[in-house]
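Below: one structure, written as structure tokens.
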Amino acid sequence: MYKTDVVVVGAGAAGIGAALTLVDAGQKVILLEKGNKFGGAGMFGAQGLFAVESRLQKEAGVSYSVKDAYHDLVDYAHYRVDLKTVKKIVEYSASTIDWLQKHGLKTELVNNTQEVHQKNLQTYHQYIDKFTGFSHLIEHLEKEHGILLTETSGEKILLDTDGQVSGVQVLHQGKTEEILCKAVIIADGGFIGDQQLVKEYLEINYENLYSMGERKATGDGLKMLENIGADTKQPHLFENHAASVISKDNLKWHNNSIFSLTNIPLLWINSRGQRFVNEDICYDFALWGNVTYKAGGFYYYLLDEKLVSFLTKNSLDWTDSFERTFKTLAHEPMTYKIGPFNNLKADLNEAIEQKTGWIGNSIADLAEKINVSSTVLENTIKSYNNLVKAGKDSEFYKADQFMKFSLKKEPFYAIKACSTTLGTLGGVQVDDNFNVLDKNGEVMQSVFAVGNTAATNMFADSYPTIEGLSCAFAWNSGRIAGETAVNLVHKN
Ligand SMILES: Cc1cc2nc3c(=O)[nH]c(=O)nc-3n(C[C@H](O)[C@H](O)[C@H](O)COP(=O)(O)OP(=O)(O)OC[C@H]3O[C@@H](n4cnc5c(N)ncnc54)[C@H](O)[C@@H]3O)c2cc1C
């Protein structure tokens, strides 16, 4: 049986942030990780984090302040957030950049990787060699006598007769064990890996959700907290992010042409066959994700024979909305063009075989195949063609440059794009020290929640379009909880 000061459940950014803060203050820490690797979504998925007034920003002359960021975030959330929490996360953000660097994870200041935010002041700190950097963090933890236990799941928070934390029950390589401790920090990454919980909180049909998030984040933390009387009925949100064309039969399926065509503003229709958005929303990932979610979880983008032949032979001077993400990482210049897609017909056939694409010999034929009214679809296409002819989108105000392709020549194609999430946000109520609150709103001493699981107070109904905020929240909430736990353990 182990004995320690603090048990941290989950070795993602939030958990590592908390654990390092504790060992640096001389506390004994056991960091639990369910899988056989540390890092979570912050390592395998994310590329960086948001910060304001960092050393890198000062060197680059960026004049965006803590006050500016605070206002932007609370306004975006319509004040439906905890203002002290938002302010604290933003205030901590600059020091976290130096703190990460000191512990071995370097970052560089880059532009927001979303096309429509190119004029924003720089706040995105992109990881440099993140896998090595994360390894350095864990080496530091172990050098300072912290213990990382992989393949060890936190299962239950144990309380003594006074209701104080006395330990954590874990499943360690198949065996149930207890770790004695004085405080516990839940950092398990939310619940995107648990189908039942997702179905409970998802407002769209589960079939239409594609998750890129951490599969091992199965809501264990929320269940552990619920069991000891915490308030776990706070909003449970999805981190909607763009939309994806996927094969339900083969989740590994990827086709470059289909991917690029998903990332440009062609004509999109909803499940009723109607246009529903200015498709150039694809240049803002959060808003694109949100409008897809709101449309019922999916939409189709449409092509006709003329557009297919054009794209087979020609490149188009539009930007693939994901190009900047990859180019910024590789430090390569943007091309601002897509195509030509030399095998586009074969690519479209692949999508059809994967049951995510359909072809119709007429609009009515396509309508029948995708189960929408042929009259509605014919009207949608006719009215879109008129807008293209006028060169102006008077319906949703898509930029003129994208009003280029009318759809007239059969066969017609429809490709289905699904709602996509990076994970879940929220569930449990915490205060601005990330101390968990019980159902009466009272602080549960020695119990903390950080990262995705505790994000209710930072994000109202979705995460804002400012890039890197979820990682900023994870690292900073971890550090703040760690510091609070240090004081608490000292007192006891
Ligand atoms: C593809 C992708 C790209 C992203 N890009 C960005 C980006 O560029 N910038 C940004 O800010 N955000 C980004 N995000 C979101 C961001 O990565 C997450 O919000 C953030 O990393 C969450 O950190 P966390 O520590 O709360 O959770 P996680 O990173 O999910 O870590 C939780 C850890 O806990 C472990 N765990 C779960 N249950 C238990 C248990 N019972 N016991 C022990 N361990 C357990 C999990 O295995 C996991 O390792 C991205 C997410 C994805 C999926």
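Here, each number is a calculation from the coordinates, and none is a lab measurement. The shown structure was predicted, so the numbers you read here are calculated from the model rather than taken from an experiment. Cβ atoms come from the backbone with ideal geometry, glycine included; neighbour counts cover every protein chain shown.
Approximating the spin labels as points 7 Å out from Cα along Cα→Cβ, the Lys306-to-Asn227 distance works out to 6.4 nm. Scanning residues 5 or more positions from Ser166 or on other chains, those with amide H under 5 Å from its amide H are Leu158, Leu159, Asp160, with H placed 1.01 Å from N in the peptide plane.
Modelled spin-label separation between Asp160 and Glu178, with each label point placed 7 Å from Cα along the Cα-to-Cβ direction: 1.2 nm. Of the residues Gly40, Tyr201, Ala390, the one whose Cα sits farthest towards the positive end of the charge dipole of the chain is Ala390 (charges of +1 on Lys and Arg Cβ, -1 on Asp and Glu Cβ, taken about the Cα centre). Dividing the summed helix terms, -39500 (n - 2.57) for each DSSP H run of n ≥ 4, by the number of residues in the chain produces a 222 nm estimate of -10500 deg cm²/dmol to the nearest 500.
Which of the three applies to region 115-252, rounded, prolate or oblate, going by the alpha-carbon gyration tensor with a ≥ b ≥ c and a/c under 1.5 meaning rounded? All intermediate terms of the calculation are to be shown ahead of the outcome.
On the way: a/c = 1.88, a/b = 1.32, b/c = 1.43.
Oblate shape, in that a/c is at least 1.5 and b/c is the bigger or equal ratio.
Listed by chain and number, the aspartates and glutamates placed with their C-alpha closer than 15 angstrom to that of Lys175 are Glu33, Glu151, Glu155; residues fewer than eight positions away on the same chain are left out. Summarising the label geometry, the points placed 7 Å from Cα in the beta-carbon direction at Val116 and Ser383 lie 2.1 nm from one another. As a calculated quantity, the FRET efficiency between Glu91 and Ala399 at R0 = 35 Å, using C-beta atoms, amounts to about 0.40.
Quick one: of Lys102/Lys294; Lys88/Lys223; Lys102/Lys182; Lys119/Lys439; Lys28/Lys88; Lys143/Lys233, which pairs are farther than 32 Å apart, Cα to Cα?
Details: Lys102/Lys294 42 Å; Lys88/Lys223 27 Å; Lys102/Lys182 28 Å; Lys119/Lys439 44 Å; Lys28/Lys88 26 Å; Lys143/Lys233 39 Å.
With Cα atoms farther than 32 Å apart: Lys102/Lys294; Lys119/Lys439; Lys143/Lys233.
Separation of region 128-149 and region 18-37, taken as the distance between their Cα centroids, equals 10 angstrom. At full extension, Arg272 and Lys3 could sit 90.9 nm farther apart than now, given 0.36 nm per residue minus the alpha carbon distance. Counting neighbouring beta carbons within 10 Å and listing from fewest to most, the residues Phe412, Phe44, Phe38 come out as Phe44, Phe38, Phe412.
Using unit Cβ charges (K, R positive; D, E negative) and no other charged atoms, how large, in debye to the nearest 20, is the dipole of region 240-420 about its Cα centre? With Lys and Arg at +1 and Asp and Glu at -1, about 140 debye. Stretched out straight at 0.36 nm per residue, the stretch from Val376 to Gln101 would grow longer than its current Cα-Cα span by 93.4 nm. Evaluated with a Cβ-only charge set (Lys, Arg +1; Asp, Glu -1), the chain carries a dipole of roughly 800 debye about its Cα centre, given to the nearest 20. Neighbours of Glu226 by Cβ distance under 15 Å: Lys/Arg scored +1, Asp/Glu scored -1, total -3. Given +1 at the Cβ of Lys and Arg, -1 at the Cβ of Asp and Glu and no other charges, the dipole of region 9-67 around its Cα centre is 60 debye to the nearest 20. Rounded is the label for region 240-420. Its Cα gyration tensor axes, ordered a ≥ b ≥ c, give a/c under 1.5.
Counting every other Cβ atom within 10 Å of each residue's Cβ, Ile228, Ile264, Ile269 order from fewest to most as Ile228, Ile264, Ile269. Between Glu207 and Glu139, the FRET efficiency from the beta-carbon distance, with R0 = 41 Å, is close to 0.45.
In what sequence do Tyr76, Tyr397 fall when counting other Cβ within 10 Å, fewest first? Can you show the working numbers first?
Numbers: Tyr76 17, Tyr397 10.
Ascending number of Cβ neighbours within 10 Å: Tyr397, Tyr76.
Multiplying the residue separation of Glu200 and Ser63 by 0.36 nm and removing their Cα-Cα distance gives an extension gain of 45.0 nm.
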